[in-house]
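The values are calculated or read from the model by the stated rules, or taken from the named source; none is laboratory data. The structure displayed is predicted, hence computed values, not measured ones. For neighbour counting, all protein chains shown are included, and Cβ atoms are generated from backbone atoms with ideal geometry for every residue, glycine included.
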Amino acid sequence: MRRRVGVLISGRGSNMAALLEAARAPAFPAEVVLVLSNRPDAGGITTAAAAGVPTAVVDHRPFRGDRAGHEAAIAEELDRAGVEIVCLAGYMRLLTPFLVRRYAGRMLNVHPSLLPAFPGLDTHARALAAGVKLHGCTVHLVTETMDDGPILAQAAVPILPGDSEAPLAARVLAQEHVIYPLALRLFAAGNAGAAPAADAVLCNPLPAPPGVT
């Protein structure tokens, strides 16, 4: 039986779209049964609806100062859809322990760095400022510590001479679209509610272009 997935977004939802595309394959072990946004104007809601996927909006603004209340409303929508696994895909809200604990071991996130390096925001600028030669992205399980859960998959991209944020971000995003569906496939094929086996921890480094070491 395919696992029921809810995807949380805040914007255009490009990673959500990659998950939807992967889930179109009959053999994929998960199906996206709900795409939920905290922003009514999120472009990803339109994308999901056009693909025939149920959508919901739980606007955070009426809940100002009541993050727990906002997350309780989100949980109601996820429960209504029978969601088993939650995928964060550009969801730009810090989660409280309420939602994290409710889906402990069943909530995935994609982060634009090779964790544990550069948790948090502005990862591309920080990687460039640090002078590292490899940057990339990580899919991990969500815990109460931000960007610190068990790693499910990673992909590395080289930082090129004279690189800047925009092209680096584009190369990293392209790899996010590869490893997020892969990580979800491996996770959903495992035991329900359990952390993945060690063989689900992957690294997919891309070779540097000639002359880059």
Given the conditions (1) surrounded by fewer than 19 Cβ atoms within 10 Å (Cβ to Cβ); (2) outside any helix (DSSP H, G or I), which single one is not true for VAL35? (1)
What number of residues within region 16-32 satisfy the criterion of being out of contact with any His (no Cβ under 9 Å at 6 or more places or on another chain), surrounded by fewer than 22 Cβ atoms within 10 Å (Cβ to Cβ) and under 16 Å from THR55 (Cα atoms)? 1
Restricting region 57-79 to residues that are farther than 22 Å from HIS140 by Cα and in contact (Cβ under 8 Å) with a residue 24 or more places away in the chain, which is surrounded by the most Cβ atoms within 10 Å (Cβ to Cβ)? HIS70
How many residues are surrounded by fewer than 15 Cβ atoms within 10 Å (Cβ to Cβ) and among the hydrophobic types (A, V, I, L, M, F, W, C) when one looks only at region 93-105? 1
Out of (1) under 19 Å from the mean Cα position of the chain (by Cα); (2) closer than 22 Å to LEU121 by Cα, what's the single condition that is false for HIS60? (1)
Scan region 40-55 and tell me whether some residue there is free of Cβ contacts under 8 Å to residues at least 60 places away in the same chain, farther than 23 Å from LEU152 by Cα and in a strand (DSSP E or B). yes
Please work out which residue is modelled with the highest pLDDT, limiting yourself to region 83-118 and to residues that are charged (D, E, K, R) and under 15 Å from the mean Cα position of the chain (by Cα). ARG106
Among the numbered criteria (1) in contact (Cβ under 8 Å) with a residue 60 or more places away in the chain; (2) under 29 Å from ASP79 (Cα atoms); (3) crowded, with 20+ Cβ neighbours inside 10 Å, which one does GLY136 miss? (2)
Determine which member of the set ASP79, ASP148 is charged (D, E, K, R) and in a helix (DSSP H, G or I). ASP79
Given the residues LEU78, LEU94, which is the only one that is out of contact with any strand residue (DSSP E or B) (no Cβ under 8 Å at 6 or more places or on another chain) and under 19 Å from GLY13 (Cα atoms)? LEU94
When you scan region 166-213, how many residues do you find that are surrounded by 14 or more Cβ atoms within 10 Å (Cβ to Cβ), modelled with pLDDT of 95 or more, farther than 21 Å from VAL32 by Cβ and not β-branched (Val, Ile, Thr)? 3
Among residues belonging to region 108-133 that are of a type in the set (A, V, I, L, M, F, W, C), touching a strand residue (DSSP E or B) at 6+ places or on another chain (Cβ under 9 Å) and assigned to a loop (DSSP other than H, G, I, E, B), point out the one that is surrounded by the fewest Cβ atoms within 10 Å (Cβ to Cβ). ALA117
Out of the residues in region 147-165 that are among the charged types (D, E, K, R) and within 20 Å of LEU8 (Cβ to Cβ), which is surrounded by the fewest Cβ atoms within 10 Å (Cβ to Cβ)? ASP148
